[in-house]
1. Could you list, ordered by first residue, the pairs with Cβ atoms under 6 Å in which the first is in region 24-36 and surrounded by fewer than 15 Cβ atoms within 10 Å (Cβ to Cβ) and the second is hydrophobic (A, V, I, L, M, F, W, C), at least 6 apart or interchain?
2. How about region 136-150: which of its residues are under 17 Å from Ala105 (Cβ atoms) and among the hydroxyl-bearing types (Ser, Thr, Tyr)?
3. If a residue counts only when it is within 17 Å of the chain's Cα centre (by Cα) and under 30 Å from Glu149 (Cβ atoms), which helices (runs of 4 or more DSSP H) contained entirely in region 1-78 have at least 2 such residues?
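What follows draws every value from the coordinates through simple rules; no lab data is involved. For clarity, every value in this text was computed on a predicted model and none was experimentally measured. Cβ: placed from backbone, ideal geometry, glycine included. Neighbour counts: every protein chain shown.
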Amino acid sequence: MATAKKSGARARLRKYFLANVGRMLSSDELRKASGNISEWARRVRELRTEEGFQILTNNDRADLKPGEYLLLDPKPIPAFTRDISKEVRAFVLDRNGFTCLMCGAVAGEPHPADPSRKTRLHIGHIVDKSMGGTDDVSNLRAVCSICNEGARNLTLDRPSLLKLLIQVRRATGADQIGVLRWLLLKFPQQSAELLGLK
Ligand SMILES: [Zn+2]
């Protein structure tokens, strides 16, 4: 009974966050969304730690106040990168010479496919878990974020401002508002300055 109640509250919070991606949510709002349970904050933490949702707090971003939460992306971080211990992670990175085994990019250096990005390494499975691969170190390797995202084959050239603006101008009003909201949240200070509020 208690478990059913617990997962129910978490599911309600998950749904609420997913309906409000990129919007700052207050404690009051989240408590209500959870069905007014006292342990709503713990359920939010579980969405972060157990399900991998990137829910930010004031610990993650300076423009959030204590008690404010924001879901950055509807897509949770894949479970495999969360299950592996710090020790195993460090061991694999060291064994692989802090180099991405798929493209050869070196941790901390500009990425060869996109020099504007510093190479960040993750731990990936050689044989995917869905194909029966295990978390054993023999099945793990260092993979950079670009290879990890599978984005290496997509175009990595950043679009020019002109191309971006053409895309935005062609978008629907609702999507343009979505872009506006995303930018306002990403650049709160600059937004206030441009609007003459500061
Ligand atoms: Zn790579």
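1. Gly35/Ala9
2. Residues of region 136-150 under 17 Å from Ala105 (Cβ atoms): 141-150.
Residue satisfying the conditions is Ser145 alone.
3. Values: elements: 2-19, 27-33, 40-49.
Once the helices (runs of 4 or more DSSP H) in region 1-78 are filtered for at least 2 residues that are within 17 Å of the chain's Cα centre (by Cα) and under 30 Å from Glu149 (Cβ atoms), what remains is 2-19, 40-49.
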